[in-house]
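Below is one structure, written out as structure tokens; comments come after it.
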Amino acid sequence: MSSSYVEKRLLEALSASNGNLAKARKLISEWCVQDQRLLYELSRPHMTGIIAHAMDRVVSHKFRSDAEKEAPPVTTRRVELSSSAKNDEMFGKELLKNFAMGKPTKFAEESFSAPLKKTKASQSHIDAIRRLAKKP
């Protein structure tokens, strides 16, 4: 079995989908159900990671279920938040609200951005700039 087989099938899928990558991916996925060789060749380079992931999941599930059998039931209680935690909670809610409304916040521009309205410079600032400009 060679990678040329996979390449040939990928090119067939691209041709059949008129170059549409999303349709080609779906077609390859459907072909993998029917064609074990194609599935094997596509997944072979990733097999170590797939196996490791499956083993980790099974092991963590087994130990988690054993620990749940022995652990006493957890009771929940409401905890009063400190003022900084309340501020963080409000900040998070505000971010979510803006994101849901389609106007996500641009970070680092909220409080440090230039004023939206031009303000006239005070006379003391103008004098200070003139003094700096005259210094050698």
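The values are calculated or read from the model by the stated rules, or taken from the named source; none is laboratory data. Model, not experiment: these values are computed from the prediction. Every residue, glycine among them, receives a Cβ derived from its backbone with ideal geometry; neighbour counts consider all protein chains shown.
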(request) Would you check if residue 127 is of a type in the set (D, E, K, R), over 30 Å from residue 15 (Cα atoms) and either surrounded by 10 or more Cβ atoms within 10 Å (Cβ to Cβ) or modelled with pLDDT of 80 or more (or both)? (result) yes
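Results for (1) surrounded by 10 or more Cβ atoms within 10 Å (Cβ to Cβ); (2) under 19 Å from residue 14 (Cα atoms); (3) under 26 Å from the mean Cα position of the chain (by Cα); (4) at pLDDT 90 or above, shown as yes or no for each residue.
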{"residue": "35", "(1), (2), (3), (4)": "yes, yes, no, yes"}
{"residue": "41", "(1), (2), (3), (4)": "yes, yes, no, yes"}
{"residue": "60", "(1), (2), (3), (4)": "yes, no, yes, no"}
{"residue": "67", "(1), (2), (3), (4)": "no, no, no, no"}
(message) Of everything in the stretch 5-33, what is under 31 Å from the mean Cα position of the chain (by Cα) and charged (D, E, K, R)? Give them in sequence order.
(response) 7, 23, 25, 26, 30
